[in-house]
Amino acid sequence: MSFRLNVNLNALVIDDEVSGRTMIEYYLKEFAGEIFDRIKSVSSLKEALSVLNEFKPDIIFTDYELRNESGLMIKSHIDEDIPVVVVSAHSQYAIEAIQTNVFDYLLKPLNIGEFQRFKTRFIKKLEQNEKVGLFKNGGTFEEHLIIKDAGENIMVAHQDILYIEAAGAYSKIVTESKNFIASKTLKSIESQLPGSFIRIHRSYIVPLKQITSYSSSNVCLKNGNQLALSKTGKKLLLSYF
């Protein structure tokens, strides 16, 4: 089962350092590209205010320490329902940020685990606000892999995935009914999957429930397909049994 995801949000990034803007943009594109359709970066509050009306951000990521000003000042210029995420190299501002009701506080340098935690919270907020539609049978984001395929946002149910194969900078998600080409690396996709999926080889990720048997160099799936099994993958597989 798969269906299109009706989410195309705008993210505004405020950081007075190029490296800071680049880092946030990378994480948004690489690990949340299926949610954010447009990303705009600016270097100051003045620039941010000049683009607010035209760009209409759905969420704002801002550094706390901008030149001679605090990134939290953006909150006085936007609607209360627009979430603000502070991205800072300093933890001492977290209490103040929380007291001003920011949505999240992420520490630089960003890491995948913390970003995925933010993403999960943000998705739940979207669900609660009914900004996300097209769910079937009460399904949720956590039960699906969200990818971009041929320019469209697609949700593929975890239960439908037979295996995922690396294809250079892309990945092929194989299901019984259709194959999808995702514009993400296997490593990126792996970070979005639950523990019921296992990386058996540098080129393959497989749901444990699809594996019927394995040898020293291969695993056999329920549909009869055989996939390569690396030494590292075998050690990981053995740890599950």
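The values are calculated or read from the model by the stated rules, or taken from the named source; none is laboratory data. Here the structure is a predicted model, which means the values were calculated and not measured. Note that each Cβ is placed from the backbone with ideal geometry, even for glycine, and that neighbours are counted across all protein chains shown.
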Practice task
Return yes when VAL51 is closer than 30 Å to LYS148 by Cβ and surrounded by 19 or more Cβ atoms within 10 Å (Cβ to Cβ) and no when it is not.
Solution key: no
Completion exercise
The residue from GLY224, GLY168, GLY195 that alone is at positive phi and either within 20 Å of the chain's Cα centre (by Cα) or surrounded by 13 or more Cβ atoms within 10 Å (Cβ to Cβ) (or both) is GLY168
Fill in the blank from the handout: Sole miss for ALA32 among (1) touching a strand residue (DSSP E or B) at 6+ places or on another chain (Cβ under 6 Å); (2) of a type in the set (A, V, I, L, M); (3) within 20 Å of GLN192 (Cα to Cα); (4) surrounded by 20 or more Cβ atoms within 10 Å (Cβ to Cβ) is condition (1)
Practice task
Any chance you could count how many residues in segment 112-166 are at pLDDT below 90 and not in a helix (DSSP H, G or I)?
Solution key: 26
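Residues checked against (1) touching a helix residue (DSSP H, G or I) at 6+ places or on another chain (Cβ under 6 Å); (2) within 19 Å of PHE122 (Cβ to Cβ):
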position: LEU9; (1), (2): no, yes
position: LEU28; (1), (2): no, yes
position: GLU34; (1), (2): no, yes
position: SER41; (1), (2): yes, yes
position: ASP58; (1), (2): no, yes
position: LEU66; (1), (2): no, no
position: GLY71; (1), (2): no, yes
position: SER76; (1), (2): no, no
Handout entry: Matching residues, segment 80-111, being surrounded by fewer than 16 Cβ atoms within 10 Å (Cβ to Cβ) and of a type in the set (Val, Ile, Thr)
Key = ILE95, ILE98, THR100
Exercise for the section: Tell me the strands (runs of 3 or more DSSP E) entirely within segment 2-99 that contain at least 3 residues that are closer than 22 Å to ASN111 by Cα. Expected result: 9-14, 36-42, 59-62, 84-88
